[in-house]
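To keep things clear, I will list the structure first and then write my remarks on it.
Read the figures in this text as sums done on the coordinates, not as results from a lab. The shown structure was predicted, so the numbers you read here are calculated from the model rather than taken from an experiment. Cβ placement follows ideal geometry from the backbone for every residue including glycine, while neighbour counts extend to all protein chains displayed.
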Amino acid sequence: MKYVTAVFAVLGLVLPALAQDVADQVAPEGAGAGLIAGSEQVQAAQAAKQAGIPTQAQDWMIAAANPHAVEAGAKILRAGGTAADAMVAVQTVLGLVEPQSSGLGGGAFLIWYDGATGEMTTLDGRETAPLAATPRLFQDDTGEPLGFYDAVVGGRSVGTPGTPALMQQAHQRWGRTEWATLFADAIQLAETGFHVSPRMAKLVAGDAERLGRQQAARAYFLPAGAPITEGSLLKNPAYGETLRLLAKEGAQAFYTGDLANRIVQTVQGNVDNPGVLAEVDLAIYQVKTRAAVCITYRIHEVCGMGPPSSGALTVGQILGLLEPFDLAALGPDNANAWRLIGDASRLSFADRARYMADADFVPVPTKGLLDKTYLKTRSQLLQSDMSLPEVRPGEPEFDHALNWADDASIELPSTSHISIVDSYGNALSMTTTIENAFGSRLMVGGFLLNNELTDFSFRSHRDGVPIANRVEPGKRPRSSMAPTIVLKDGKPVLVVGSPGGSRIIGYVAKTIIAHLDWGMDVQEAISSPHLINRFGTYDVEQGSGAEDLSAPLAKMGFEVNTRALTSGLHAISVGEHLLGGADPRREGIALGQ
């Protein structure tokens, strides 16, 4: 076939058999068009991922979290569409086949490199707090923080969604394909049905009690009172109807009119935990264009999303703290390399907790946090052979005088990431979310509404000192999403990002280090074991080679915890060829031509 991935040339005659083995393992018997959508190219991509081999292409490449979504985007790119066009197709399908992670009811951050101009643009499609929200939104009558799920489930946690507006703005800026055609695959899958993937079925079963509290979610995810099962055919005509509306009338149909009214009624009318989202919040929502946050790391420039995301700042700080050390010489199997990475992460997370929030509401010392002198001074704390006994925020240079207390927000992993390079030289990195798995569990128009407001600190003050990431009307909660584009000589060499709550930062930093310092190709870098340290405890990926480092790290003074670390990294390296990688820990693939 014309568009079979170049990995066939690498695996030769072994690949078809290997691809079939993978298909047999992933697609349940009788699944028909299930997870492996019948495409020879998709089967090849799945097989390559499991074999640890990157997908190779010349003209374009796409990597995302579900084969249905990747194929929808690939169809757009193959027909001459741009990365922005393909993103719309991918996101609308993800909202159907992976609803627990992202969708129309959530928000996203997008990084765009323009192949024609060389300009970098970031779009902030983060959700906003309703105008009626107060700093005590997630506190009880005594001023104490609510329990996490007491805050999440229901209307209280729902912020104004930003994803539909972001999709439209990206298309208006950089699209070439007619808007309405970008919804075709998602509409078809919604109306004719798709087969439930193993991951979706597992997550529904694990969240059945909370999903069962909400009538629409219960009817969709728990038909006849039982969770949907792997391989079962699932239709979502309500979602198809919503997509037809957006295809015809644009994103404004989401933010005004009947659909907006139904969203508000669902949020405010939730009996157990009503929210304060109002129609005015939807009507005034705006995507914001922000300056990219970049740091020079060795001979590369690493760029990402600034506040309200903490992603680029914290990834940048980690890399900046590590720059004085020869990680390449130490290598990925050296415990001392991971001591340095772990403590650099801890120092960066301490600054994150103190200083990072929505810069429209809180002056964030962005320049000070990434200042070379500041980072070099902080990196001297890493000179010991032992882990740092105590980590405190630093004192970056401010261009204003402020005093903030440390944050008290909770972030749990449920997000998705899309990486695309198109035939015009454009590169797109977009991380998209509804926050916790299944968001607020409230469902309208076939999609779930976010619980993004619980990314704010539940506490507003500590010892009388305000917390930067407290709830305020119209404010965007701090995020860890870290969509990233790495440049060399002003041109992209790596497009990367991941889901994973606050561990996103560590996943992305590790992948950049593995690729740039340790010379791993993009699939090797993604697949390599995770070791994540945010707040002192070193999380080591269970069942991986990282477990061999547990004892040496413990001797260095770290508390070590072995656990599953299911990132969802998707990355593309740009060089003589395009090489795409997808995380073997999840269901995504990379396709290219």
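Key figures for this structure:
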{"item": "The stretch 301-345, subset out of contact with any helix residue (DSSP H, G or I) (no Cβ under 8 Å at 6 or more places or on another chain) and surrounded by fewer than 24 Cβ atoms within 10 Å (Cβ to Cβ), residue farthest from A427 (Cα to Cα)", "result": "N334"}
{"item": "Residue list for the stretch 236-257, restricted to those being under 17 Å from E127 (Cα atoms) and not in a helix (DSSP H, G or I)", "result": "A251, T256"}
{"item": "Any pair with Cβ under 7 angstrom, 6 or more apart, that starts in the stretch 471-482 at a residue that is touching a residue at least 60 places away in the same chain (Cβ under 8 Å) and among the basic types (K, R) and ends at one that is in a loop (DSSP other than H, G, I, E, B) and surrounded by fewer than 24 Cβ atoms within 10 Å (Cβ to Cβ)", "result": "K475/F361; R478/S409"}
{"item": "Strands (runs of 3 or more DSSP E) wholly inside the stretch 488-593 containing at least 1 residues that are touching a residue at least 40 places away in the same chain (Cβ under 8 Å)", "result": "491-497, 531-533, 537-541, 570-574, 578-582, 589-592"}
{"item": "Among the candidates L453, L448, L494, residue that is crowded, with 24+ Cβ neighbours inside 10 Å, touching a helix residue (DSSP H, G or I) at 6+ places or on another chain (Cβ under 9 Å) and under 19 Å from R352 (Cα atoms)", "result": "L453"}
{"item": "Helices (runs of 4 or more DSSP H) fully within the stretch 190-234 counting 1 or more residues that are more than 21 Å from S416 (Cα to Cα)", "result": "208-211, 215-221"}
{"item": "The stretch 220-257, subset without any contact (Cβ under 8 Å) to a residue 12 or more places away in the chain, closer than 17 Å to G105 by Cβ and among the small types (G, A, S), residue surrounded by the fewest Cβ atoms within 10 Å (Cβ to Cβ)", "result": "G257"}
